[in-house]
Structures are given as C-alpha cells and as structure tokens.
Amino acid sequence: MEKQEERKAMEQSVEMSRKDIIQKQDSEKTEKHNSGKMERGQDIMVSICCITYNQAAYIRDALEGFVNQETDFPYEVLIHDDASTDGTAQIIQEYADRYPERIFPILQTENQYSKGLTNVSGTFNFPRARGRYIAMCEGDDYWTDTKKLQKQVDYLEANPGCSLCFHSAKVEVQGKALTEHDMRPYKGSRMISPEEIIDKTSGYPTASLMFYREMVDALPDFYNHAPIADIPLQLLAANRGWAWYMDEPMCVYRLGGAASWTTLMKQGNYEKKQQDYAAAMTEMYRGFDAFSGGRFHNTVEHAIKRLIFLTQVNTKHFDTVLNKENREFYRELNARTRFFIRFETSAPKLYAWLQQQFHRG
C-alpha cells in the first residue's frame, strides 16, 4: 500500500509540474520565440529537446551541433539540466545568453531524477515545445551534419504518412571497450514498418530521432512509467505509422560517459539492475499492447522475448543464451559478441586473464 501511495503521489507531482511549466511559460514564450533572428509570425518547425546531467566535458559539442544547423525554417532548442554539479549549467547559460532567441534552458537546483522522476523530457521539455516536429539529442551526444534537420524535415513534409525519421550514428567510446564503431540498424535507406519498429534487432540512435510533436501532447501511462524514454517514443511512432531510415551517420553516440545511463547501470548490483530493467520494460511493452488495442500483440510478445534474451546476455547467463530455443536471437548478435561468448564459455580462465590484461593496459 505504501508503495502505491508513493507512486500515486509522484504521478500527481509530475502532473502538477507539467501544468506549472505550461502556465508559467505559455504567456512568455510567444514573444521570446519570435524575437531576434526569427521573423514575427513565423512558425517554429522543429523543437530540439535535450536533457543533461554532469556533461560539462561534452555539452559544448551538442550545443554547437544545434546552433550550426542550416535550415530554411526557424527552430528552438529546449534544454533541461538536472542540477549538474560540474559546470554543465554554466555552459548552457553561456550559450543561452549568446542565442537568447533560440536556446531556452531549464536549470534545476534540485536533482529531479533522484526524487524518482524518470520522465524528464515528458515533464519539462515536451510541454513547452512549439515545433511541428521534435528532434532528440542528449547532452553527451552531438550532431555532425549541419543539414541534418533540413534533410529530416524535408522528408517528413513530403511524406505525411511517415511518423518517425531517424538515421545512423558513429560510436565514440569513452574509456576502454570493445564495440562496434557504427550504430547502423539497417543497411541502406528504406521504409521501416510499424512491426519492425516495435520488434527491432538493434537500437536506434536517440540523437537521430525526429517525430511529430502531436505524438507527445498527451503521454500515455506506458511512456510515463518506462525506465527509459527513447523506446516508448518509438512505440508511439509505430502506433501512428511507418518510419523512414536514412543510412547516413549524421550524429555521434558517445558510449561509456561517466554520467551516461549505460555507465550508471553498471554500478552497484548490475545483475539486479538488469533484472529490474527487464521487468519494467516488459511492463512497458504490455502497456503499449493495451494502448494500441492489441493490434501488434504477437510482435510485442516477440520483442519481450528478445528483451529477456538480451538480459541473459548482459548478465552472462550463457547456458540460457546458448539454448536451442534462443537460436534465433543468438544469430542476431554481431560476430564479435558471439565470438566472446564462445571464448568465455570454452576457456573461462584464459578469458578472465586476458580481460585483466586489457583493462590494466
């Protein structure tokens, strides 16, 4: 009962926060957003939504990627900093002072995530977005193509049936890790069906996502209660229609940053965190299944099976990973991952020794 009451109180607090933001800023932002370089009467086409926390080493790259976009339409940059302690907020304010007609920050003095608020974008950025489309980019990633927004908007404007436009990314590893250097979910630009969006074999770069703002005007429960935001956004897009993938690396995904979600997940009891994450994501998928009226039921159930399999991979339960019943998902893993699984299971002592040498060096 106590947990239910706490959750109810948090939901009420989140809803009040959303309403407070809308009421406080609605009267001010029309004048702000149409001042400076933006001609009065022009509608904002894209709202760039960015969340940050302790990313002082990276945030300038993200901000430069935003302000250097070359477009024939106006756009805005909405940034939420969750009470960083490393100078991130000061850098954001520096850019907001330089581009007052374009960059609109919320600089928290108390960390919202530590209070249990996981839906930061949905609470603080989406409600104040005025663009026809929303483009996502977290503070430790950055855009490398100055025409990125223009290319995506041009496609979406020409293809109103498309709900989501995204592209590939380069991977920039922070620290030591053996991983792929490209985040390329598909080979070649093409249409992606709703079923493929829901049940995909590899992730989409968050910094590549562009979608209709109307999709997040009223966020459903399955989004609000999810442990992460990018996959629920993609499910909302799948419910609306198909997607277009551009096979161009127009952004960089940083892997292993000190304050990144991936790094924080590896701290403490990693296995429990993975199991909790899998349980929360399973609940999220089932919530989407209900939200979409069961139209994608079999696809959703298959995506849940893949999620559970990947949790077994991450927690190194290789006996389960190598079961015949998981052969389909095992074959989806890249060659590097399959090699290391076989290596570790066949020669665990040698694998452990080599791993120690790698991290020492």
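Just so it is clear, none of the values below were taken in a lab; they were calculated from the coordinates. What you see is a predicted model, and the numbers here were worked out from it, not measured in a lab. With ideal geometry, Cβ positions are generated from the backbone for all residues, glycine too; neighbour counts draw on all protein chains shown.
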Answer with one residue from 126, 112, 139: the one whose Cα lies farthest towards the positive end of the charge dipole of the stretch 67-147, charges on Cβ with Lys, Arg +1 and Asp, Glu -1. 126
Which value, in debye to the nearest 20, gives the size of the charge dipole of the stretch 58-217 about its Cα centre, when Lys and Arg are +1 and Asp and Glu are -1 at the Cβ? 280
15 Å reach of a label modelled at residue 217, 7 Å along Cα-to-Cβ, counting backbone N of the stretch 109-139: 126-134
For the stretch 46-62, in residue order, the Karplus 3J(HN,Hα) values (coefficients 6.51, -1.76, 1.60; θ = phi - 60°; whole Hz; Gly and Pro = x) are 10, 9, 7, 10, 9, 10, 9, 7, 6, 10, 4, 6, 10, 4, 4, 4, 5
In terms of the alpha carbon gyration tensor, root eigenvalues a ≥ b ≥ c, rounded if a/c is under 1.5 and otherwise prolate when a/b exceeds b/c or oblate, the stretch 100-239 is rounded
Please report the equivalent ellipsoid semi-axes of the stretch 183-246, computed as sqrt(5 x eigenvalue) of the Cα gyration tensor, largest first, in whole Å. 20, 13, 11
About the Cα centre, and with charges only on the beta carbon of Lys, Arg (+1) and Asp, Glu (-1), how big is the dipole of the stretch 272-352? Nearest 20 debye, please. 320
Tensor-based shape of the stretch 281-339 (alpha-carbon gyration tensor, a/c under 1.5 rounded, otherwise prolate or oblate): prolate
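Rounded, prolate or oblate, given the Cα gyration tensor of the stretch 190-331, with a/c below 1.5 counting as rounded? Could you put the intermediate results ahead of the total?
Values: a/c = 1.44, a/b = 1.25, b/c = 1.15.
Rounded is the answer for the stretch 190-331, as its axis ratio a/c remains below 1.5.
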Tell me the net charge near residue 284. Cut-off is 13 Å between Cβ atoms, residue 284 excluded, with +1 for each Lys or Arg and -1 for each Asp or Glu. -4
Collect residues whose amide H, placed 1.01 Å from N in the peptide plane, falls under 5 Å from the amide H of residue 192; neighbours closer than 5 in sequence don't count. 243, 244, 245
For residue 171, what residues show an amide H to amide H distance below 5 Å, using hydrogens built from the backbone and excluding near sequence neighbours? 182, 183, 253
